[in-house]
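The values are calculated or read from the model by the stated rules, or taken from the named source; none is laboratory data. Remember, predicted model here, so these are calculated numbers, not experimental data. Ideal geometry is used to build each Cβ from the backbone, glycine not excepted, and the neighbour counts take in all protein chains shown.
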Amino acid sequence: MSSSFVSPSSVSAAPAWDAVKGKIREQFGETIFKRWLEPLICKQWGVDVLLALPTRFMKDWVDTHYTDKLKTLFQEIDQNVKDIQLTVESALTSSEPARQVSSPIVQPHTSHSVRTSSDDKGSRIGLASMNNDRDDISSPLDPRFTFESFVVGKPNELAYAAARRVAEASQVSFNPLFLYGGVGLGKTHLMHAIAWHIRKSNPARRVMYLSAEKFMYQFVRALRFKDTMAFKEQFRSIDVLMIDDIQFISGKDSTQEEFFHTFNTLVDQNRQVIVSADKSPHDLEKIEERLRSRLGWGLCADLHPTSYELRLGILHTKAEAMKCAVPEKVLEFLGHRITSNVRELEGALNRIIAHSQLIGRPITLETTQELLQDLLRATSRRVTIEEIQKKVAEHYNVKLADMHSPRRARAVARPRQVAMYLAKQLTTRSLPEIGRKFGGRDHTTVIHAVRKIEELRGGDATLSEDVELLKRLLQQ
Ligand code: ADP
Ligand code: MG
């Protein structure tokens, strides 16, 4: 998201540092991590890794107790690391996680040195370096963003297939590959996955991945230092160039111009170019027409908003990756309720898992709803009796028509009663109104249904859970 773009060098650094922190947490356990290591900030990543802590006391403690282990861990991630140094930076407070992750960090110093994938301890290839290394201005890649961890469903299958094809092809197939779609739907994930794949399967191919902002920043800097030749030089030997979030150069004329040249040069030399944006080339505003049309020449693959099935698949995969047994009902609930994008969905899952681990209690629908109140409230709306009938019918696998029909068989009568009960609970409709909506039944039938369900909820755990789930699905 644009708001998280603090400085060009920090843009993609945050997830990588997050991943490293994840490993630190895994290795040292929750208690030690929380107490001593969570506030760590990576100030520099090179032969020496410089880590900052907020107080001298913490620094000394970590120094005596944990540096050796930290060193081993960093070396596992980047074999070029020789030493870990700690420093005190008192301005840091642990209550500012957002700042911490976006501080200028994680730049393993030589190119091609780190990699973790689904198996985490797997082979090693590198995150590229930035700033000081003239030869490679790539942004770091997030080790979690691989093809293996990408869940494929209808809404993203084309984009996925295209990304895979480009990653696996030995020759340029479509140029450029243009990936587009709304925020948090997996564009960056797919681009990183392509880069990881190529780096692993064909390390000789030079892949460069940059956010459009970083491209712009580098270019503007080159202009300032009258060094545009060196800037251009950087792209000469690139086999695959990826520019993420190209919409950021809209309105920036000289950057567009430069990008256009770089782009043309590479395409003419039959190098692969991959671009992402939040809109199709056609809809990109304030981008020069010739560039827009050029961007549309190759293959455009869009990522559609997620479907319920895809969201559920993603939740399963993520919960599994975090080795956390989240009850199916909770996953279903999240899948139904958090529909905006995958990033939010992930955030919600992380929040409930972290909470349950911290306080050592199992995850339930209740705690989930409590914890996610703010998120859920944002999507709150009024429920109608029709929606209730539809959801209940779906849930119990009966026909919608049975909500109105005179049939009294238990298999349909009970779901109908549940629906009446929910209608009473979740809407402001009167009993006679509710009766009418259920095939013109009398209000006494509705009273009876409400009492019946209340009574059953006392002793029948399954029914009680069903009702809770339905309620939550429908509510807000
Ligand atoms: P975008 O670049 O389109 O804004 P990202 O690629 O940053 O979105 O995705 C946001 C988050 O959602 C990332 O953590 C990413 O791993 C995750 N994500 C998105 N789509 C999928 C998917 N299909 N499977 C697994 N994770 C996904
Ligand atoms: Mg992105």
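A few remarks follow.
- Of all residues in the range 354-367, those satisfying the criterion of being at pLDDT 90 or above and outside any loop (DSSP other than H, G, I, E, B) are Leu365, Glu366, Thr367.
- Residues considered: Ile238, Ile198. Of these, the only one that is away from ligand 1 (no atom under 16 Å from the Cβ), within 21 Å of Ala159 (Cα to Cα) and out of contact with any Leu (no Cβ under 6 Å at 6 or more places or on another chain) is Ile198.
- The helices (runs of 4 or more DSSP H) falling completely within the range 279-345 that include 1 or more residues that are under 17 Å from Leu365 (Cβ atoms) map to 308-321, 328-337.
- Scan the range 285-331 for residues that are at positive phi and either without any contact (Cβ under 8 Å) to a residue 12 or more places away in the chain or of a type in the set (Phe, Trp, Tyr) (or both) and the total you get is 1.
- Subset of the range 162-175 that is surrounded by fewer than 24 Cβ atoms within 10 Å (Cβ to Cβ) and closer than 18 Å to Ser280 by Cβ - its residue that is nearest to ligand 2 (Cβ to nearest atom): Ala162
- Condition met for Phe178 (within 16 Å of ligand 2 (Cβ to nearest atom), touching a helix residue (DSSP H, G or I) at 6+ places or on another chain (Cβ under 8 Å) and modelled with pLDDT of 95 or more): yes
- Qualifying residue in the range 392-410 (condition: among the acidic types (Asp, Glu) and under 40 Å from the mean Cα position of the chain (by Cα)): yes
- Any hit, the range 152-161, residues being modelled with pLDDT of 95 or more, of a type in the set (Asp, Glu) and either under 24 Å from the mean Cα position of the chain (by Cα) or outside any helix (DSSP H, G or I) (or both): yes
- Look at the range 140-167: where a residue is free of Cβ contacts under 8 Å to residues at least 12 places away in the same chain and a partner is in a loop (DSSP other than H, G, I, E, B), sitting 6+ places away or on another chain with Cβ atoms under 6 Å, you get Arg165/Ser173.
- Residues (of a type in the set (D, E, K, R) and out of contact with any Phe, Trp or Tyr (no Cβ under 9 Å at 6 or more places or on another chain)) located in the range 229-244: Lys232, Glu233, Arg236, Asp239
- Within the range 262-284, residues that are crowded, with 16+ Cβ neighbours inside 10 Å have Cβ atoms under 7 Å from residues that are small (Gly, Ala, Ser) and part of a strand (DSSP E or B) in these pairs: Leu284/Ala277, counting only partners at least 6 apart in sequence or on another chain.
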